[in-house]
Amino acid sequence: MKYAVWIPGVVYLLIIMVLESTAQNLNATSNLPVDPGTNKIMYRDVVDQEGSPAYLYDKAIEWFGYYYVNAQSVYTVQDKVNGKVEGVGRMKIYFQDEKAGMRRDAGLIMYQIKIEFKENRFRYTLTDFNLKGTSRFPIEKWMNKSDPAYNPNWDSYLYQVDTVMQRLVTSLREKMKPTVEKKDEW
């Protein structure tokens, strides 16, 4: 009998927490980085990292091999002399099929990745996000909630793109750091 009041309060609290986290996830679309000049989603930053352009280039090539299953299929430009690597990345998006109770494939997002190198710094740019199809479909259209064709799944798709791109950037920043060699002391 002592738990009769406590259990409904905990259930109510859990429901509120789930609803708030879902709302935060769906509202993440307003936090996507949009370039004011082009109105396109763009992740870009200059990162201070010790090393020559050639060293940073080699680290980036190493990261491509780590991050992408088949890095060779991603590259469009590999230019060590001019200090840049460019490519076309791909990621799958999914939707939750409520009737079947499972996650289903919603398509393939393609994006441009570019990494440029200068002395003691590099710049990454992720942009031109498009849903793969017979024609280009910029995913920025999904940000328009007043579109008559608006689908609530669009928020989830944008959230998935943002999550994957944040993970990509974190991975890139970590892998670009110099490796510390451990001495073999025994």
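The values are calculated or read from the model by the stated rules, or taken from the named source; none is laboratory data. For clarity, every value in this text was computed on a predicted model and none was experimentally measured. Cβ: placed from backbone, ideal geometry, glycine included. Neighbour counts: every protein chain shown.
If only residues of the stretch 114-153 that are of a type in the set (A, V, I, L, M) and touching a helix residue (DSSP H, G or I) at 6+ places or on another chain (Cβ under 8 Å) are counted, the one that is farthest from ILE41 (Cα to Cα) is ILE115. Can you name every residue in the stretch 82-115 that is farther than 15 Å from PHE64 by Cβ, touching an Asp or Glu at 6+ places or on another chain (Cβ under 9 Å) and polar (S, T, N, Q)? Listed by number, the list holds a single entry, ASN82. Note on the stretch 58-68: among residues that are over 16 Å from the mean Cα position of the chain (by Cα) and of a type in the set (A, V, I, L, M, F, W, C), the one that is farthest from ARG167 (Cα to Cα) is ILE61. The listed residues are LEU158, LEU172, LEU168, and the only one of them that is within 16 Å of LYS40 (Cα to Cα), out of contact with any Lys or Arg (no Cβ under 9 Å at 6 or more places or on another chain) and part of a helix (DSSP H, G or I) turns out to be LEU158. Considering the stretch 131-171, the residues that are surrounded by fewer than 11 Cβ atoms within 10 Å (Cβ to Cβ) and either modelled with pLDDT of 95 or more or among the β-branched types (Val, Ile, Thr) (or both) include one that is nearest to the chain's Cα centre (by Cα), namely THR170. Of all the listed residues (PHE64, PHE122), the sole one being under 18 Å from VAL169 (Cα atoms), touching a strand residue (DSSP E or B) at 6+ places or on another chain (Cβ under 9 Å), assigned to a strand (DSSP E or B) and among the aromatic types (Phe, Trp, Tyr) is PHE122. Can you find, within the stretch 39-57, the residue that is nearest to the chain's Cα centre (by Cα) among those that are closer than 24 Å to LEU131 by Cβ and modelled with pLDDT of 95 or more? Among residues in the stretch 39-57 that are closer than 24 Å to LEU131 by Cβ and modelled with pLDDT of 95 or more, the one nearest to the chain's Cα centre (by Cα) is TYR43.
Applying the condition of being assigned to a helix (DSSP H, G or I) and in contact with a strand residue (DSSP E or B) (Cβ under 7 Å, 6 or more places away or on another chain) to the stretch 126-148 and asking which residue is farthest from VAL88 (Cα to Cα) yields GLU140.
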